[in-house]
Amino acid sequence: MIYKNIAILGADSLLGQALCRQLERDTNVSLHAISDAALNTFSPEGLTTNLRQHETELVLNAHHRGGGLGLLKDVPADLFMENIAIDIQFIPSCHKAAVRKYVNILPNCIYPNDLPVPYLESQLWQGLPESIVAPYALTKKLSLVQANAFKQQYDFHSINLIVTAVYGPNDNFHPDKSQVIPSMIVKFDRCSREAASSVALWGSGNATREFIYVDDAAVAIL
């Protein structure tokens, strides 16, 4: 099925920008980019009206209000409240606006803690996420439950895609709020500039992590 009128929620997020870059190359697509800041101004009814006015057929949800371990440790309540308050309105608004398909892009931190690698989808409900990321991760996991509920009751079509950690252009390089790869880049850059003899990285060194370049993730999603 070909979709011509496409909206991206969180179009200014790292992944949202990459999705925009890919879709802007398609002259057959009418792209409606809604930033995270703009989403904060919409009521559920306002978002429904906005999507209906643009005759939106396909919605890609790249909304992201998260960060690295530093941010998750500092403001877990803020992250929980902000994500659950805004994410909860997306699917009902899309349903009321007669959107034909909703693509819910989820972080892989929604998987239970201490699973063996590689993760399997069948393991998704076999425990809780890692405790530090749980306030953020569980809000995202609830949106998966919500999507399935709307499919069951209203036959609203959605797809839940779990994407591993992305990195790339316009990443967040804040020393206390960045995720693994940009955080390491900042530390290595500082080490080089200061001619330091060592770099201190968080963690035990035993963890296994997986990353994907953001434009590759966007291509895979589309």
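The values are calculated or read from the model by the stated rules, or taken from the named source; none is laboratory data. None of these values were measured; they are calculated from a predicted model. FYI the Cβ positions are ideal-geometry reconstructions off the backbone, even for glycines, and counts take in every protein chain you see. For the accessible areas, the whole protein counts, side chains as well, though only heavy atoms, and no ligand, DNA or RNA atoms are used. Shrake-Rupley method; radii C 1.70, N 1.55, O 1.52, S 1.80 Å.
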- Query: Which of the residues belonging to region 57-76 are more than 25 Å from Ile181 (Cα to Cα) and open to solvent by 10 Å² or more (accessible area, probe 1.4 Å)?
  - Reply: Glu57, Leu58
- Query: Does Ala196 satisfy the condition of being in contact with a Lys or Arg (Cβ under 9 Å, 6 or more places away or on another chain) and either part of a loop (DSSP other than H, G, I, E, B) or modelled with pLDDT of 90 or more (or both)?
  - Reply: yes
- Query: Say we look at region 199-214 and pick out the residues that are among the β-branched types (Val, Ile, Thr) and outside any helix (DSSP H, G or I); which of these is most open to solvent (accessible area, probe 1.4 Å)?
  - Reply: Thr208
- Task: Among the residues of region 174-186, write down those that are within 29 Å of Leu115 (Cα to Cα) and modelled with pLDDT of 80 or more.
- Result: Val180, Ile181, Pro182, Ser183, Met184, Ile185
- Tell me, please, whether a residue that is within 21 Å of the chain's Cα centre (by Cα), assigned to a helix (DSSP H, G or I) and closer than 20 Å to Ile8 by Cβ can be found in region 64-79. no
- Task: Only one of these is touching a Lys or Arg at 6+ places or on another chain (Cβ under 9 Å) and either among the hydroxyl-bearing types (Ser, Thr, Tyr) or under 24 Å from Tyr167 (Cα atoms) (or both): Ser35, Ser30, Ser43. Name it.
- Result: Ser30
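Residues are listed down the side, and each one gets a yes or a no for (1) charged (D, E, K, R); (2) out of contact with any strand residue (DSSP E or B) (no Cβ under 6 Å at 6 or more places or on another chain); (3) more than 18 Å from Leu144 (Cα to Cα):
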{"residue": "Ser43", "(1), (2), (3)": "no, yes, yes"}
{"residue": "Gly46", "(1), (2), (3)": "no, yes, yes"}
{"residue": "Thr49", "(1), (2), (3)": "no, yes, yes"}
{"residue": "Thr56", "(1), (2), (3)": "no, no, yes"}
{"residue": "Pro107", "(1), (2), (3)": "no, yes, no"}
{"residue": "Ser122", "(1), (2), (3)": "no, yes, no"}
- If you go through region 83-100, how many residues are in contact with a strand residue (DSSP E or B) (Cβ under 8 Å, 6 or more places away or on another chain) and open to solvent by 70 Å² or more (accessible area, probe 1.4 Å)? 1
- Any idea which of (1) part of a loop (DSSP other than H, G, I, E, B); (2) open to solvent by 70 Å² or more (accessible area, probe 1.4 Å) is the one Ser122 doesn't satisfy? (1)
- Selection from region 174-198 of residues in contact with a helix residue (DSSP H, G or I) (Cβ under 7 Å, 6 or more places away or on another chain) and surrounded by 14 or more Cβ atoms within 10 Å (Cβ to Cβ) yields Lys177, Ser178
